[in-house]
Amino acid sequence: MKPLSNSPLAREIAVLLAVKAAVLFVIWLAFFSRPQIPSMIRGMEPARVVTALLHRAPAAVAPEKP
């Protein structure tokens, strides 16, 4: 029996997995790595987001420095 590392099937699976990982990374870079519009993140302090999502007052959170 041939070792698995010399098998054409194992080599093909490894190449396909590498290609799939590269494609997923490119998709992440294109769509999810940063906001499309920088103004989208202005005013998004964690306390305001919690208040908006949970409809309740957040615990005391120290403000972030710009």
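The values are calculated or read from the model by the stated rules, or taken from the named source; none is laboratory data. Computed from a prediction, not measured in an experiment: that's the story for all the values here. All Cβ positions, even for glycine, are placed from backbone atoms using ideal geometry, and neighbour counts span all protein chains on display.
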Out of the residues in segment 35-66 that are surrounded by 10 or more Cβ atoms within 10 Å (Cβ to Cβ) and part of a loop (DSSP other than H, G, I, E, B), which is modelled with the lowest pLDDT? PRO58
Look at segment 1-33 and say how many of its residues are at pLDDT 75 or above, surrounded by fewer than 10 Cβ atoms within 10 Å (Cβ to Cβ) and not aliphatic (A, V, I, L, M). 5
